[in-house]
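A short worksheet on the structure shown next.
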Amino acid sequence: MTNIERFNNLAGFYEYLKTVQSVICVNKGGIALENYVGRFFAADVLQLVLAYADKIGPAVGPMRAKVDQYRKEFEYARAFVTPSEKPIYEMTLDEFEKMMNI
């Protein structure tokens, strides 16, 4: 499997995850995606996809458009905050577990 194929697999997982999140939000009474606690996992997956893209080198062809779109989505996701207004990516594991009621 090539690096591009691995990237496409990760990207495909992320795309499927977005679809599943939307269905969950609808099933929970139409809550906004921004209010769904699972959005933090999706943001982590997105960050992983982008990190892998950076690792394999400059994006070319169709991959480039996908990476550019994912960077925009990640900038949006970075604005997600917890009820305490602390961005998720700045939380410690203890803070995250407390927020998630784990």
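All of the numbers you see were taken from the coordinates with simple rules; none came from a lab. Given the structure is predicted, the values throughout are model-derived calculations rather than measurements. All Cβ positions, even for glycine, are placed from backbone atoms using ideal geometry, and neighbour counts span all protein chains on display.
List the residue ranges in the chain for DSSP H helices whose C-alpha atoms run 15 angstrom or more along the long axis and whose Kyte-Doolittle average is -1.0 or above. Walk me through the numbers before you get to the answer.
Working: long enough: 3-27 (36 Å, 0.07); 39-56 (26 Å, 0.94); 61-77 (25 Å, -1.35).
Sorted by number, the helices that extend far enough and score high enough are 3-27, 39-56.
What label, among (1) 52; (2) 75; (3) 41, belongs to percent of Cα pairs over 21 Å apart computed from the structure on display?
Evaluating percent of Cα pairs over 21 Å apart on these atoms matches (3).
Sticking with the crude label model, points 7 Å out along Cα→Cβ, report the distance from V60 to D94 in nm, one decimal please.
4.9 nm
Mind checking which aspartates and glutamates have their Cα closer than 15 Å to the Cα of K18? Skip sequence neighbours fewer than 8 apart in that chain.
E34, D44, E73
Around C25, what is the net charge, scoring Lys/Arg as +1 and Asp/Glu as -1 over all other residues with Cβ under 10 Å from its Cβ?
Charge balance in the 10 Å sphere: +1.
Okay, helix-only estimate at 222 nm for the chain: each DSSP H run of n ≥ 4 adds -39500 (n - 2.57), divide by all residues, round to 500 deg cm²/dmol; what do you get?
-22500 deg cm²/dmol
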